[in-house]
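Before any comments, here is the structure.
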Amino acid sequence: VFVSDNAGVIACDAPELMGRETWFSIEGHGYGVPKDGFGYRGVRLTPQPGGQLTVKVKRELPAKRLGRITGGGLFAESQKLGLATDWEEQGILGCDSVQTAIYRDRLYWAWGDTTLAGYPLGLFHTLGATTAIQPLASCVPPVRLRYDYMADGQGRPRVIAQMPGDGPTWISGYSSLPDRDGTPHLVAVYSKIKSFVTPYEYGLCVWNDAQQQFDRHRVLWTATPEAPKPPPMPEGHSVSWTDGEGRPWVLFGDPFPRIQCPATFEAWSDPASWQVLTPQETVPSADGKDQIRPHRGSIAWNAYRQRWVAVFTQLGGKPSFLGEIWYAEAPSPLGPWSGAVKVVTHANHTFYNPLLHPEFTAPDSPVLLFEGTYTREFADHAVPSPRYDYNQILYRLDLDDSSLVGQPR
């Protein structure tokens with residue numbers, strides 16, 4: 001198996017194939033070549049030592065894959081050939097599910113379980129980093145996104161949210177909220193995990209600027225026989241919203257809002273201030289033939305479309321159970337959401353927890369970027385993709401594409 005890097009390069013190092021006409025099957029998760037008369041998708045190539053061959057593939061869905069933005073070897077194939085030698089590794093091999101928030105003029109990032117090279121068990125109490133608010137110089141490949149990771153005294157990436165108790169600490173609901181004096185606070189919900197994915201404690205945590213880590217603010221729920229399930233929490237992804245009466249809110253959802261809270265630190269700290277919402281359960285497809293059930297995702301206001309936009313993973317999609325990504329629009333963050341169009345597909349792989357990045361582009365830009373976690377987990381005996389498995393991949397949508405939105409703005 002040969003897998004291209006962020007520059008679209010493969011270093012073919014198989015001596016048994018040199019000078020020999022060889023069939024290469026082509027697989028690309030939404031990119032490919034036409035089938036031949038027997039139904040095979042591939043090309044015949046004759047590799048030569050020191051030679052170069054080009055394979056052109058056709059994109060089959062609206063989203064354009066820009067490249068991988070976490071993990072190791074982003075330019076490994078190029079570097080085997082003496083190219084991209086200025087790219088330096090950052091010591092991370094895998095990252096799961098991202099959270100972001102703009103705080104003190106920087107974009108703060110957090111990821112879940114993280115894979116390192118030195119041992120099978122990596123970091124399990126949240127990895128953190130910062131970047132510029134617009135961290136990419138361009139919205140075309142090859143993607144080069146470098147993070148300023150929170151590091152220990154030896155310069156190694158470290159955890160930022162280790163809360164008391166057994167098991168990993170996951171955080172969600174990243175947001176920056178002002179207190180009554182106008183001072184911003186970076187906040188999140190934390191959960192303590194057992195048995196792979198089962199939470200047994202939820203609470204609120206607040207960023208400590210001096211220590212560069214999250215401190216526990218208060219415990220909200222601990223699993224007991226009397227309370228086996230947690231109450232609604234301000235988790236998922238947050239967006240700011242001003243309602244028709246001019247009141248500022250912060251909405252928390254995954255993808256659609258489940259909690260709305262006055263946009264202050266004090267209100268976020270007080271569960272009595274939260275209002276529980278009932279999110280839309282399905283979204284009609286643009287062709288009217290299907291009702292798409294969202295799994296997880298995020299929403300954002302889009303100035304170009306003058307609409308709220310969403311990307312989300314379909315629950316029970318085809319061909320991938322948790323790998324099909326859809327785009328939809330609504331006049332309000334509370335809905336109704338409609339006109340869903342499939343924009344990303346995966347063949348027996350998972351692509352979950354997609355996050356929109358409206359801050360990456362100018363407010364009136366037709367370009368919309370989002371990322372998600374690509375992995376073999378939750379698929380049917382899938383073979384992992386070298387270097388890509390359990391990492392974040394960035395995609396681009398062009399909102400002036402009529403095939404995506406159906407009608408001009």
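The values are calculated or read from the model by the stated rules, or taken from the named source; none is laboratory data. What you see is a predicted model, and the numbers here were worked out from it, not measured in a lab. With ideal geometry, Cβ positions are generated from the backbone for all residues, glycine too; neighbour counts draw on all protein chains shown. Heavy atoms of the whole protein, side chains included, go into the accessibility calculation; ligands, DNA and RNA do not. Shrake-Rupley method; radii C 1.70, N 1.55, O 1.52, S 1.80 Å.
Between 238, 176, 138, the GNM of the chain built on Cα springs shorter than 10 angstrom shows 138 fluctuating the most.
Taking amide H as placed 1.01 Å from N in the peptide plane, residue 249 has its amide H under 5 Å from the amide H of 241, 242, 243, 263, each at least 5 places away in sequence or on another chain. Ligands, DNA and RNA left out, the accessible area of segment 207-247 computed with a 1.4 Å probe is 46% carbon and sulfur. Just want the answer: with Cβ charges of +1 for Lys and Arg and -1 for Asp and Glu, which residue in 234, 264, 138 is farthest toward the dipole's positive end in the chain? Going by the Cα projections, it comes out as 138.
Can you tell me the relative contact order of the chain? Whole percent, Cα pairs under 8 Å, sequence separation 6 or more. Rounded, it is 13 percent for the chain. The modelled label-to-label distance for the pair residue 332/residue 216, using points 7 Å beyond Cα in the direction of Cβ, is 3.9 nm. Between the residues 126, 361, 187, the greatest Cα displacement towards the positive end of the dipole of the chain, with unit charges on the Cβ of Lys, Arg, Asp and Glu, is found for 361.
Within the same chain, aspartates and glutamates fewer than 8 places from residue 64 are excluded, and of the rest, those with a Cα less than 17 Å from its Cα are 5, 27, 324, 371, 398, 400, 401.
Across segment 27-44, coupling constants 3J(HN,Hα) worked out from phi with the 6.51/-1.76/1.60 Karplus curve, θ = phi - 60°, read 10, x, 6, x, 10, x, 10, x, 6, 8, x, 9, x, 8, 10, x, 9, 9 Hz, and Gly and Pro carry x.
For segment 313-376, the square roots a ≥ b ≥ c of the C-alpha gyration tensor eigenvalues yield an a/c of 1.5 or more together with a/b not exceeding b/c, which makes the shape oblate. Partner lysines whose Cα lies under 24 Å from the Cα of residue 289, excluding those fewer than 8 positions away in the same chain, are identified as 318, 342. Length available on full extension from residue 104 to residue 400: 0.36 nm per residue minus the Cα-Cα distance, which gives 103.3 nm.
One chain, two ends: residue 36 and residue 381. Fully extended at 0.36 nm per residue, the span grows by 121.5 nm beyond their Cα-Cα distance. Computed over the chain with a Gaussian network model linking Cα atoms closer than 10 Å, the most mobile of 168, 384, 333 is 384.
Less than 5 angstrom separates the built amide H of residue 302 from those of 307, 308, 309, all sequence-distant by 5 or more or on a different chain. Probing with 1.4 Å while keeping every protein chain in the model, the per residue accessible area of segment 269-357 equals 40 Å².
Dipole orientation for the chain: of the candidates 117, 319, 159, 319 has the Cα lying most toward the positive pole (charges on Cβ; Lys, Arg +1; Asp, Glu -1). By its C-alpha gyration tensor, with a ≥ b ≥ c as the square roots of the eigenvalues, how is segment 1-111 shaped: rounded for a/c under 1.5, else prolate for a/b larger than b/c, else oblate? Here segment 1-111 falls in the oblate category. Here's the list of aspartates and glutamates a cross-link from residue 192 could span, going by alpha-carbon distance under 18 Å and ignoring same-chain residues fewer than 8 apart: 96, 113, 166, 201, 215, 235. Residues in segment 375-380 carry Karplus couplings, in order, of 7, 7, 4, 6, 10, 8 Hz; the curve used is 6.51 cos²θ - 1.76 cosθ + 1.60 with θ = phi - 60°, and Gly or Pro positions show x. Applying both filters, DSSP loop and at most 11 other Cβ atoms within 10 Å, to the trypsin sites (Lys or Arg not before Pro) of segment 177-266 gives 180.
Taking a point 7 Å from the Cα of residue 83 along the Cα-to-Cβ direction, the residues of segment 386-400 with backbone N closer than 20 Å to it are 386-388, 394.
For segment 263-272, 3J(HN,Hα) computed residue by residue from phi via the Karplus equation (6.51, -1.76, 1.60; θ = phi - 60°) reads 7, 9, 5, 5, 5, 4, 6, 10, x, 5 Hz, glycine and proline entered as x.
Per-atom-type breakdown for segment 4-156 gives carbon and sulfur 51% of the accessible area (1.4 Å probe, protein chains only). With an a/c value of 1.5 or above and a/b larger than b/c for the gyration tensor axes a ≥ b ≥ c computed over the alpha-carbon atoms, the chain is described as prolate.
Between residue 281 and residue 43, residue separation times 0.36 nm minus the direct Cα-Cα distance comes to 81.4 nm.
For the residues 141, 366, 228, a GNM of the chain with alpha-carbon springs under 10 Å puts the largest fluctuation on 228.
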